[in-house]
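The values are calculated or read from the model by the stated rules, or taken from the named source; none is laboratory data. Just so we're clear, the structure is a prediction, and the values are computed from it rather than from any experiment. Neighbour counts are summed over all protein chains in view; Cβ atoms, including those assigned to glycine, are modelled from backbone coordinates with ideal geometry.
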Amino acid sequence: MEYRIIRSGRRTLSLEIKNGEVLVRAPYYVRDADIEQFVAQHAEWIEKHVAQMSEVSDVVPLTDEELNALAEQAVRIIPERVKLYAQRIGVTYGRITIRNQRTKWGSCSAQGNLNFNCLLMLAPTEVLDSVIVHELCHRKEMNHSKRFYDEVYKAFPEYKKWNAWLKQNGRALMSRMNGS
């Protein structure tokens, strides 16, 4: 397996995959043989992530027209779902905004304004619902504490399953943004 070593004053070894290249970040004092062993121990992880990145590079970007259509669909669907879950959870919310974000699926401001990524329209409805519930539960807990996740699971018991789907497939969805 090919990899490039980047040495620095750091204290630990780490792996990174950037643009399909495997980078090993290592302290100056670590021997090449130890780095080779470290890479061998993490070969499965490396292969998995290199494969995921190659899948992402095969994805066709959405056109501006397709993004606009997703945004229009989101404007029709998301407010209905937010209203439904807000009533179940027992919270209020402010403005709902649909965006073409490159890194976030949703967010909730301290004022209760909600933002959602229009790319959620490409995911299963359960994924959309899991993001909506996540953001609405921030109206009770503006953090990611155990109490916050207790609220999430109370409102959406399958949260873990659909959040895992998003973690596994989200990068491919995000890569469909123009100019990615």
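Exactly one residue out of Pro27, Pro61 is in contact (Cβ under 8 Å) with a residue 40 or more places away in the chain and touching a Ser or Thr at 6+ places or on another chain (Cβ under 9 Å): that is Pro61.
Inspect region 87-104 for any residue being closer than 28 Å to Asn19 by Cα and touching a strand residue (DSSP E or B) at 6+ places or on another chain (Cβ under 6 Å) and give the result as yes or no. Looking for residues that are closer than 28 Å to Asn19 by Cα and touching a strand residue (DSSP E or B) at 6+ places or on another chain (Cβ under 6 Å), one finds at least one in region 87-104, hence yes.
I'd like the full set of residues that are under 14 Å from His134 (Cβ atoms) and free of Cβ contacts under 8 Å to residues at least 60 places away in the same chain, limited to region 95-108. Spell out how you get there, then give the answer.
Taking region 95-108 first, the residues under 14 Å from His134 (Cβ atoms) are 104-108.
Scanning region 95-108 gives Lys104, Gly106, Ser107, Cys108.
Among the residues of region 80-90, none qualifies, meaning not one is in a loop (DSSP other than H, G, I, E, B) and within 15 Å of the chain's Cα centre (by Cα).
Taking (1) more than 19 Å from Asn163 (Cα to Cα); (2) touching a Leu at 6+ places or on another chain (Cβ under 6 Å); (3) of a type outside the set (S, T, N, Q) in turn, Cys108 satisfies each apart from (1).
Examine region 122-132 for a residue that is more than 23 Å from Ala172 (Cβ to Cβ) and either buried (at least 16 other Cβ atoms within 10 Å of the Cβ) or not assigned by TED's automatic domain parsing to the domain that holds Leu166 (or both), and state whether such a residue exists.
No, every residue in region 122-132 fails to be more than 23 Å from Ala172 (Cβ to Cβ) and either buried (at least 16 other Cβ atoms within 10 Å of the Cβ) or not assigned by TED's automatic domain parsing to the domain that holds Leu166 (or both).
Checking each residue in region 159-177 for being in a helix (DSSP H, G or I) and in contact (Cβ under 8 Å) with a residue 40 or more places away in the chain picks out Trp165, Leu166, Asn169, Gly170, Arg171, Ala172, Leu173, Met174. Of all residues in region 140-152, exactly one satisfies the criterion of being loosely packed, with under 14 Cβ neighbours inside 10 Å and under 19 Å from Val127 (Cβ atoms), namely His144.
Counting only residues that are in a strand (DSSP E or B) and among the charged types (D, E, K, R), which one in region 1-47 is modelled with the lowest pLDDT?
Here is the first cut: in region 1-47, the ones in a strand (DSSP E or B) are 4-8, 14-18, 21-27.
This time we only want the ones that are among the charged types (D, E, K, R), so: 4, 7, 16, 18, 21, 25.
Numbers: Arg4: 94, Arg7: 96, Glu16: 90, Lys18: 79, Glu21: 85, Arg25: 96.
Here the residue is Lys18.
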